[in-house]
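The values are calculated or read from the model by the stated rules, or taken from the named source; none is laboratory data. From a predicted model like this one, the values you see are computed outputs, not experimental measurements. Every residue, glycine among them, receives a Cβ derived from its backbone with ideal geometry; neighbour counts consider all protein chains shown. Just so you know, the surface numbers come from the protein's heavy atoms only, side chains and all, with ligands and any DNA or RNA stripped out. Shrake-Rupley method; radii C 1.70, N 1.55, O 1.52, S 1.80 Å.
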Amino acid sequence: HPLLAHAQERVALPVIPRRPLGKTGVSVTIVGLGGEGVLRTWGREREAARVIERALDLGITYYDTAPAYSGSQDYYGAVLGERRREIFLASKTHDRSRDGSLRLLDESLKRLRTDSLDLWQLHDLRDAEDLRQIFTPRHGALAALQQAQAEGRVRFLGITGHTDPAVLVEALR
């Protein structure tokens, strides 16, 4: 049947454009896959796997997750396998202390089934108190990010925020 034959044809998908990610020098697709939607659930492994596999097949290279995103890290860990090398993987720490952040990193790497992240970010910076805690010498979360980078467990460092741009500007300064 002509309609059935047409449905079975492989349609060439357009290539997703890439851009350099900040100052990393790494070129990633302008569309990424985050840790929300079905990925921010528990117990929906098959649905989450389909989303991740489809994104991989479409050529998406930027993948974002966080410990705060329910089962997202576990879903990625279960699906990526050998394809981990094809992508740029970002995660975060919401803990504001060095020790707590390093514990989260250990857990994240285990759940993601990888030995390193491409990008590790201070998650959802909101106010001056967050900055005070993060930048406390030797005990703040920034010390954890720098240590993890020096150890080769993290390639690049970053910040995220959803509230006050002035807080992000101050964090960058």
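Within the stretch 74-91, take every residue that is open to solvent by less than 10 Å² (accessible area, probe 1.4 Å) and in contact with a strand residue (DSSP E or B) (Cβ under 7 Å, 6 or more places away or on another chain) and give me the one that is farthest from Thr160 (Cα to Cα).
Here the residue is Tyr76.
Every residue in the stretch 35-57 that is open to solvent by 30 Å² or more (accessible area, probe 1.4 Å) and within 15 Å of the chain's Cα centre (by Cα), please.
Correct list: Glu36, Gly37, Arg40.
Just give me the residues in the stretch 1-42 being under 22 Å from Asp74 (Cα atoms), part of a helix (DSSP H, G or I) and modelled with pLDDT under 95, in sequence order.
Filtering the stretch 1-42 for residues under 22 Å from Asp74 (Cα atoms) gives 31-42.
When the remaining residues are screened for being part of a helix (DSSP H, G or I), the result is 37-39.
Correct list: Gly37 only.
Among the residues that make up the stretch 120-129, is at least one of them out of contact with any His (no Cβ under 9 Å at 6 or more places or on another chain), under 22 Å from Pro20 (Cα atoms) and modelled with pLDDT of 95 or more?
Yes: the stretch 120-129 contains one or more residues that are out of contact with any His (no Cβ under 9 Å at 6 or more places or on another chain), under 22 Å from Pro20 (Cα atoms) and modelled with pLDDT of 95 or more.
What are the pairs, 6+ residues apart or on separate chains, where a residue within the stretch 73-94 that is polar (S, T, N, Q) has its Cβ under 8 Å from a residue that is open to solvent by 10 Å² or more (accessible area, probe 1.4 Å) and not in a helix (DSSP H, G or I)?
Gln73/Pro67; Ser91/Asp64; Ser91/Pro67; Ser91/Leu119; Ser91/Gln121; Thr93/Pro67; Thr93/Gln121; Thr93/His123
Across the stretch 98-145, which residue is nearest to Ala68 (Cα to Cα) among those that are in a helix (DSSP H, G or I) and open to solvent by 70 Å² or more (accessible area, probe 1.4 Å)?
Out of the qualifying residues, it is Glu107.
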